[in-house]
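> Encoded as structure tokens, here's the structure I'll be asking about.
No value in this document is a laboratory result; all are computed from the given coordinates. Just so it is clear, the model here is predicted, and its values are computed rather than measured. Don't worry about glycine lacking a Cβ; one is built from the backbone with ideal geometry, like all the others, and counts go over all protein chains shown.
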Amino acid sequence: MFETLRAGPASVGEIAAGLPVSRPAVSQHLKALKQAGLVRDEARGTARIYRIHAEGLRELRDWLDGFWDDALARFKDYAESEDERR
Amino acid sequence: MSVVEISPIVKSIDVARSAGDAFRMFTAEIDKWYPLETHTRAKSSAGEKTIGLKVEPRVGGRVFETLNDGRELDWGQVTAYQPGAHFAMQWRLGRPAADATDVSVRFEALSDASCRVTLTHENWERMGEEGAKMRENYNNGWVTVFEQRFGEYVADLRRDA
């Protein structure tokens, strides 16, 4: 889905055409992505056009990036302190 | 328009343990270091709390957390399990398989007693709403800590003044 939207804004029909899933499933997923702030939509005539919301995506990436930094630091602390206890 | 590059998140850290030990601690002892209080599927707003996290030690095994009420929530399947070398799992977090994100961790010996751990998180953009929920949980957790601890601290200062 993101691969399609990376190429540019697209309608539900256009997105579904390139995927092995039903149109309702695509709609539902787009709704979830919209709630998560990862895509935005706008009305164009009778269709809804979806586009990647760069800011939302960057927030998620930054958050995950920081999360893995923290998680790996905790792992290192645990692994190395465990060593001393033995 | 600014464009976000949808590339894998790659993190590397050197650990003063052998690759074999680090692999075991990363997988079998994941509940000892993973931030269970903030980065899980438990909905803290609904009173749910994560009390356990387990990796079944084989390809196709489950990765799941256990809640305080005994329920088990799946995170995804183990997709690579080579002790001392490579561990990988889906990070689905309740999303359909087509939306799986992939976490891969490689252990590379630097000496007999140290190794480099490199974690790659691919397809992270597919986290969608679960990602947002986790972020929210995390933020709530931090806000709680901040408001309570800081509030108590300020109250103590006032009492002392």
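> Which of the trypsin sites (Lys or Arg not before Pro) found in segment B:56-97 are loop residues per DSSP with 10 or fewer other Cβ atoms within 10 Å of their Cβ?
Here the trypsin sites (Lys or Arg not before Pro) that fit, given the DSSP loop and packing criteria, are B:Arg58.
> Determine the distance separating the Cα centre of segment B:1-69 from the Cα centre of segment A:39-73; give it in Å without decimals.
Centre-to-centre (Cα) distance: 22 Å.
> A follow-up question, please. Specify the angular offset, from 0 to 90 degrees and rounded to the nearest 10, of the alpha carbon long axis of helix A:54-85 from the longest principal axis of the alpha carbons in chain A.
It works out to around 20 degrees.
> Another question, if that's okay. Run the numbers for A:Thr46 and A:Lys31: contour at 0.36 nm per residue of separation, minus the present Cα-Cα distance, in nm.
3.7 nm
> Here's a follow-up. At 7 Å along Cα-to-Cβ for each site, give me the label-to-label distance between A:Ser11 and B:Ser7 in nm.
Distance between label points: 3.5 nm.
> To continue, here is another question. Neighbouring Cβ atoms within 10 Å as the yardstick, rank A:Phe67, B:Phe107, A:Phe2 fewest first.
A:Phe2, A:Phe67, B:Phe107
> Here's a follow-up. Return the subset of A:Lys34/A:Lys76; A:Lys34/B:Lys43; A:Lys34/B:Lys49 for which the Cα-Cα distance in this structure is over 29 Å, preserving the input order.
A:Lys34/A:Lys76
> Before anything else, pin down the relative contact order of segment A:1-52: Cα pairs under 8 Å, at least 6 apart, normalised by residue count, whole percent.
42
> Hey, what angle do you get for helix A:23-35 against the long axis of chain A, alpha-carbon based, 0 to 90 degrees rounded to 10?
On a 0 to 90 degree scale, this one is about 50.
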